[in-house]
Structure formats: structure tokens, C-alpha cells
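Accompanying notes for the structure given below.
Bear in mind that the values in this text are calculations on the coordinates, not laboratory data. Nothing here was measured: the structure is a model prediction, and the numbers come from that model. Positions of Cβ are generated from backbone atoms using ideal geometry, with glycine treated the same way; all protein chains shown enter the neighbour counts.
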Amino acid sequence: MLKKRIIPCLDIKDGRTVKGINFVELRDAGDAVELARRYVLEGADELVFLDITATVENRKTLTELVRRVAEEINIPFTVGGGISSLEDAQAIIRAGADKVSLNTSAVDHPELLTEIASQFGSQCVVLAIDTKLVDGEWMVFVHGGRTPTPLRTIDWAREGEKRGAGEILLTSMNNDGTRDGFAIDITRSVSDAVNIPVIASGGAGTMAHFVEVFRQTRASAALAASIFHFGEIPIPTLKQYLKEQNIPIR
Amino acid sequence: MIVIIKYNAGNITSVYNAVKRLGYPCKVTDDVDEIRHAEKVIFPGVGEAGTAMIYLKERGLDKVIKSLLQPTLGVCLGLQLMCSHTEEGDTECFGIFDAIVKKFPATDIVPHMGWNNLSDVESALFRNFCRDDTTYFVHSYYAEICMQTIATCDYILPFSAAIRRDNFYATQFHPEKSGSVGEQILKNFLEL
């Protein structure tokens, strides 16, 4: 049976991991490669590296870090942040990343999803969507959550799938950093609206939150950062708990 | 020397890194002589079957691969290209395995992405493989089960997770991305 994936996210700044609370305050959480290695040993199913400052400061994700990670780890990993052209994606994939994640650049240039998918396959194109509830409607935000767009989240997810995204990483800005649980409603709507895997992100605070998102939505994976970095919920403990709750887990 | 065939498909770096981690000298090349004289050959790949096949044919690599006598391991798209035909781009393949490759029906999420169990496992390739072990898959097309199937997987429907004919082995999953389980499978192949 296909297992639900547990994905630690490593937010990267200058080659080190940080975790922002509601995208703003940053706390240092350690060396990225070291942390990646620890997660693999603990049973993480996949890793996501997001260069959170890349879009803001117009920096390219550090290809060198990707190369080091690829040499060291034997599970799939995604790299995002500042990938704004086919050349950027090529550099990251050739350095050894399995997937690239696009956010702002996909909104600005949706054809980029198609270009990368036709060269490397849909399976390596992740559409990252930062979403926030505005007047009762889940809307898409870009530039690390600072800029609103006129896009409705459901419409953009469908459009992304049509254009070649192989997976959607859906982060609820309302929930991110709160530890009050994943945004069940929008995660359910998006995972029902598309037929590609959806990764739920933002708001994980307890092990029960993971059970909730897997039971109440079609999400294929759940992503979290700080609860793993600071060892509050060790991955082996979480996975054991999910198995006991009859969630298919590796 | 372990040779990894270089062509226009993704994911070759990952296979190279995995073989290096196991301590084997290895090289990524499209040089026909080097491929023919390799101790073992790995034919990896993620990508589109039709485009990959055109590229391989233009360079005569299709004939080279089919005629190899040393242990050869296809991975993912590699497995699919070793079958007889794929629906992807309606492409004629190498015909090493009797299986036909089809697109998953959209009755569940496609691609089949993530860790899944294997069944009916039989081959030296799976030495030390345990019943609950899982491997990492990512694909939208699958090879049907055939006489040469040596492991099956069930997603939407049962399909070939691994196939073997003579010196040709192939896995639909990615051993290079399947953690310690995948490392063992790769090691089993390298020790054949």
C-alpha cells in the first residue's frame, strides 16, 4: 500500500536552516546537510529545502548546497526558492535535486511549469502555493507571502496541474507557525480538485494534527519544520503513532 | 568499472552518487566502447519515453544496450524502455522484456509517488529484502506483469516492480532513492 509521506522542511538562509514564525522572525536551527543526514536516519520519507531569502534578495539557490546534499542522502529531495527560469531549474536538477519547487515565478510565468516539465518530466515540478484566507476566500500570495495576487487557490492549483506540475505543496499562511493544526478545509478542497499529490503544510503542532490531515483530506504527504528541528516531535515517534492510528506509514 | 549510461534523461547524478557511496568506481558515459567493456552497466532515467528513445537511437545506444552480456540494471524509465512497447508517445522499445507499458488509469492520484511495498519478490536482486520493506516510486506509466516479473507492486492495479531476463535486471522503483533498503538492492546488483 502506498504510504503517506512525512516531510521535514529545511528553510535555508546562507546554507543554514532557519524557521520563520509566520514568515517573518528567523531563528537559527543548524547546518543543513547535518540536519538532512539526521532526518534520513530518523526515517523522513523525503526532504524539502527552501531558500527562503532567495526571492526577496534576488539570490539564486545555492547549487553547491544541493550538490553536497545529493552526495550525502539517499532519499528524494526538493529544492525551492528563487528558481525563476529554466536555467535555474536545470542547475538545481543537474546538481542532484529530484524536484524543484516554484512559487512566485510560476505565478509570474506559468509557462515555466510546462517548460521544466517537458524537459525533465512532471514528477520533478512542484508547484508551491502560499495561501491565505481573505474575506472568506483562500487566495494565492507570492514573494514569501508578502504580496497578494488575484488568484483563487483552487483555480491556481488546477491551472498548475494542467500546465505540468506533478505535485502541489500547499502552505496555509493562516496556520503556518501557529501549531494549531493544518488548514483542513483548503487542503481538502485542493486535494479533491486535482489528481496529483498534494503536500499539506503549515500549522503542525501535535501528532494528532497529522492524523487529522490524512483522515480528512486526500493529502499524500504532510510537511513540517520547527517541530522536527527542535526535536519536539521526533520523526520515529510520530511515525509509530501514525501507524497505531492505522495511517499507512513507512 | 561500473558504467552509468549517459543520455537525455534526468536523475543520473543520483544513481552515480549512490554507487559512489557504496564504494564502487563508476563512470557516467555514452561512449560505446566503455559501455561494452564495463563490468556492469546501469541504465537509469526519469523522463519522457519517446524523446529518450529518439536520442538513444540517434546514437546507436539502443542496439548497444540490447546486445550487452554483463549484468545490466534498468531503473524507472530504463525498465520501461527495456519492455516491448510503451503507450507514452506510442513508442517501440527494446523488447528485452515481454511486458507492455501502459498509463495508469486516473482512478487515483497519478503519478504513483512515494514509498510502497513489494510482493512476489524472487531474485538475488532482493537478497535481505524483508516483507515490510518499501521502496520509492515515481511514475505515471507502469509495466504489466509478465513471465519475467520478479517483484510486483499494487497501486491502482498490480504491476511489475522489477523484471529480469538473463543478465538484464530492471526496477520501476528508484533503489538510489530508497534509503537503506534501496542501497541493499543496489549492492546486491553490484555483487552479482
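Step by step: first the residues of segment A:176-209, then only those that are part of a loop (DSSP other than H, G, I, E, B) and among the β-branched types (V, I, T), then the one that is farthest from A:P8 (Cα to Cα). Which residue is that?
Checked segment A:176-209; the qualifying residue farthest from A:P8 (Cα to Cα) is A:V194.
Just for segment B:14-43: of the residues that are touching a strand residue (DSSP E or B) at 6+ places or on another chain (Cβ under 8 Å) and assigned to a helix (DSSP H, G or I), which one is farthest from B:S178 (Cα to Cα)?
Filtering segment B:14-43 for residues that are touching a strand residue (DSSP E or B) at 6+ places or on another chain (Cβ under 8 Å) and assigned to a helix (DSSP H, G or I), the one farthest from B:S178 (Cα to Cα) comes out as B:E34.
So A:T178 clears everything in (1) surrounded by fewer than 18 Cβ atoms within 10 Å (Cβ to Cβ); (2) in contact with a Ser or Thr (Cβ under 8 Å, 6 or more places away or on another chain); (3) at negative phi except one condition, right? Which one?
All conditions pass for A:T178, except number (2).
Working carefully through the options A:N195, A:N175, find the one that is within 13 Å of another protein chain (Cβ to nearest Cβ) and of a type outside the set (D, E, K, R).
Just one listed residue meets the conditions, A:N195.
Okay, residues lined up against (1) within 12 Å of chain A (Cβ to nearest Cβ); (2) more than 20 Å from B:N188 (Cβ to Cβ); (3) touching a residue at least 60 places away in the same chain (Cβ under 8 Å):
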{"site": "B:D31", "(1), (2), (3)": "no, yes, no"}
{"site": "B:I35", "(1), (2), (3)": "no, yes, no"}
{"site": "B:A38", "(1), (2), (3)": "no, no, no"}
{"site": "B:G47", "(1), (2), (3)": "yes, yes, no"}
{"site": "B:D62", "(1), (2), (3)": "no, yes, no"}
{"site": "B:I65", "(1), (2), (3)": "no, yes, yes"}
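I'd like the full set of residues that are outside any helix (DSSP H, G or I), surrounded by 23 or more Cβ atoms within 10 Å (Cβ to Cβ) and of a type outside the set (S, T, Y), limited to segment B:49-85.
Those that are outside any helix (DSSP H, G or I), surrounded by 23 or more Cβ atoms within 10 Å (Cβ to Cβ) and of a type outside the set (S, T, Y): B:L73, B:G74, B:V75, B:C76, B:C83.
For B:G74, all conditions in the list (1) closer than 30 Å to A:A222 by Cβ; (2) away from every other protein chain (no Cβ under 14 Å) hold save one; what is the number of the exception?
Here B:G74 clears every test but (1).
Scan A:I154, A:I186 and give me the residue that is among the β-branched types (V, I, T), closer than 23 Å to A:K4 by Cβ and either touching a strand residue (DSSP E or B) at 6+ places or on another chain (Cβ under 6 Å) or within 14 Å of another protein chain (Cβ to nearest Cβ) (or both).
A:I186
Quick one: would you say B:I163 is of a type in the set (V, I, T), in contact (Cβ under 8 Å) with a residue 40 or more places away in the chain and either surrounded by fewer than 19 Cβ atoms within 10 Å (Cβ to Cβ) or in a loop (DSSP other than H, G, I, E, B) (or both)?
When the stated conditions are applied, B:I163 does not pass them.
Only one of A:S220, A:S191 is touching a Pro at 6+ places or on another chain (Cβ under 9 Å), free of Cβ contacts under 8 Å to residues at least 40 places away in the same chain and either surrounded by fewer than 18 Cβ atoms within 10 Å (Cβ to Cβ) or small (G, A, S) (or both). Can you tell me which?
Checking each option against the conditions leaves just A:S191.
Pairs under 6 Å by beta carbon, first residue touching a residue at least 40 places away in the same chain (Cβ under 8 Å) and closer than 23 Å to A:A222 by Cα in segment A:75-101, partner in a loop (DSSP other than H, G, I, E, B) and among the polar types (S, T, N, Q), six or more apart or different chains?
Short answer, once both residue conditions are applied: A:G81/A:T61.
Can you find even one residue in segment B:5-14 that is out of contact with any His (no Cβ under 9 Å at 6 or more places or on another chain), more than 20 Å from B:P175 (Cα to Cα) and aliphatic (A, V, I, L, M)?
So far as segment B:5-14 goes, no, none of its residues is out of contact with any His (no Cβ under 9 Å at 6 or more places or on another chain), more than 20 Å from B:P175 (Cα to Cα) and aliphatic (A, V, I, L, M).
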